1. Near ARG146, within a Cβ-to-Cβ distance under 14 Å, what is the net charge of the other residues, with Lys and Arg +1 and Asp and Glu -1?
2. Quick check: net charge around ALA15, other residues with Cβ under 12 Å of its Cβ, Lys/Arg +1 and Asp/Glu -1?
3. Where Lys and Arg each count +1 and Asp and Glu each count -1, what net charge lies around GLN94 among other residues with Cβ under 14 Å from its Cβ?
4. How far, in degrees from 0 to 90, does helix 54-65 lean away from the longest principal axis of the Cα atoms of the chain, to the nearest 10?
Amino acid sequence: MTLEQFKAWLLSRGATIEPSTSEWELVRYRLPSAPGVQIIYRNKKERQTYTGTSFRDWESAYHQVNNLVERVKIPSQPLNIRERSNARRELIVQLRKRDGDNCFYCTTDLFNGEIDPTIEHLIPKAHKGSNHIGNLVLACEPCNQRAGDLPLIQKLQLRKISQ
């Protein structure tokens, strides 16, 4: 999408395009539905940076101009406790289907009613591990605590020791 297409999209939504105040501003505008001025900049590396709702506006315009269906809906509010609980439950179901009912480390049955399963990051978040399902396993609380922020190789050694 070109900058001119984006400006036309903005105008069709009632935006006012304002004059740029620096050489780095690509577009400065106000939308009736958003507070304040939104700006898209071009930095020294020729990359765009966004303020306020400008990234969401650019993405919406891009999808509409190119007749695409928006792939991701970003929630305007963080997930509430019930939604997080449901997401966690769903993740446990997926991990259980993939890995079975036992603790990754000690092979204790996590679904016997006595133990609550925990979700363990193989590569800890402290070591830039992700929340991707490929980095997650089920573990009992003591094993999860023991593994803590250990590097992956040490976690795999814990697994060998436990088995």
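1. That works out to 0.
2. Numbers: positive: LYS7, ARG13, ARG28, ARG30; negative: GLU18, ASP57.
That sum, taken over residues with Cβ under 12 Å, equals +2.
3. +2
4. Tilt of helix 54-65: around 80 degrees.
No value in this document is a laboratory result; all are computed from the given coordinates. None of the values given here were measured: they were computed from a predicted structure. Because the Cβ atoms are built from the backbone with ideal geometry, glycine has one as well, and the counts that use them run over all protein chains shown.
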